[in-house]
Amino acid sequence: MADTSQAPSLTTHAPADPDESALVLGARIRALRKARGLTLTQAASDAELSHSFLSQVERGLERLSMASLFRIARALGTTQQDLLTHDVEVPPRRTGGFQVSRNGAGSPLDAGGGPVTVLAHGSPPFVPMIFEGSFNDQTWWEHAEEEFVFVLEGSLIVAIDDEQFVLGPGDSVHYQGGVRHRWLTKPGETCRVLAVKEAHSPHP
């Protein structure tokens, strides 16, 4: 009989509806806010969001945009990836462990008319995510983590500083941390994008 004492652990994430996913994300946000010693009003003010909206988020009653999640993460001294992938209490990872992510998992996030699906959980060194929808937010993004973007369907315009690149299916771009960038789609168009971001967390 084979020795299975050192067999790697297997975590299977079954499909979850958006409400369940929103509850999990809200619990993570609430736990970290309390750990930071912030009241709901203080955290909402720091994130430039209303007190009532953050309260709804923590109770899993609101679906967040990536921009709102970014503001909440910044106010709590963490990153979007950290909030999306860490459980309130993360169990120790066994050496050689792995995960299987199933198609159809729910999402508490909105990419602009479509969901953001996170494909890794626990404490991964990188976070792959699928974005579906349109992108017309004129906000420029700049974060410490490196990012790789691969277009699965449709067309995505990626602006990096003063340059713009139109990416179609099979095209990709990689930019280092600290690079100013934004995503856009043409009016009335949508796309499906795989983004892999380094899971850098600014707090211990």
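The values are calculated or read from the model by the stated rules, or taken from the named source; none is laboratory data. Just so we're clear, the structure is a prediction, and the values are computed from it rather than from any experiment. Backbone-built Cβ (ideal geometry, glycine too); neighbour counts: all protein chains shown.
Every residue, every condition in (1) modelled with pLDDT under 95; (2) over 20 Å from F126 (Cβ atoms), yes or no:
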{"site": "V166", "(1), (2)": "no, yes"}
{"site": "R180", "(1), (2)": "yes, yes"}
{"site": "P187", "(1), (2)": "yes, yes"}
{"site": "A199", "(1), (2)": "yes, no"}
Query raised in the report: So A27 fits all but one of (1) in contact with a Leu (Cβ under 9 Å, 6 or more places away or on another chain); (2) aliphatic (A, V, I, L, M); (3) in a helix (DSSP H, G or I); what number is the exception?
Result: (1)
Requested in this report: Please find, within segment 164-202, the residue that is farthest from the chain's Cα centre (by Cα) out of those that are of a type in the set (G, A, S) and within 14 Å of G154 (Cα to Cα).
Outcome: G188
Query - Filter result (closer than 24 Å to A73 by Cβ and in contact with a strand residue (DSSP E or B) (Cβ under 8 Å, 6 or more places away or on another chain)) within segment 162-184 - result: V173, H174, Y175, G177, V179, R180, H181, R182, W183, L184
Query raised in the report: Among the helices (runs of 4 or more DSSP H) contained in segment 48-106, which hold 3 or more residues that are modelled with pLDDT of 85 or more and farther than 23 Å from W183 by Cα?
Result: 51-58
Query raised in the report: Under the condition of being outside any strand (DSSP E or B) and under 17 Å from G178 (Cα atoms), which residue from segment 124-160 is modelled with the lowest pLDDT?
Result: T139
Query raised in the report: Can we say G26 is touching a Pro at 6+ places or on another chain (Cβ under 7 Å), modelled with pLDDT of 85 or more and closer than 28 Å to W140 by Cα?
Result: no
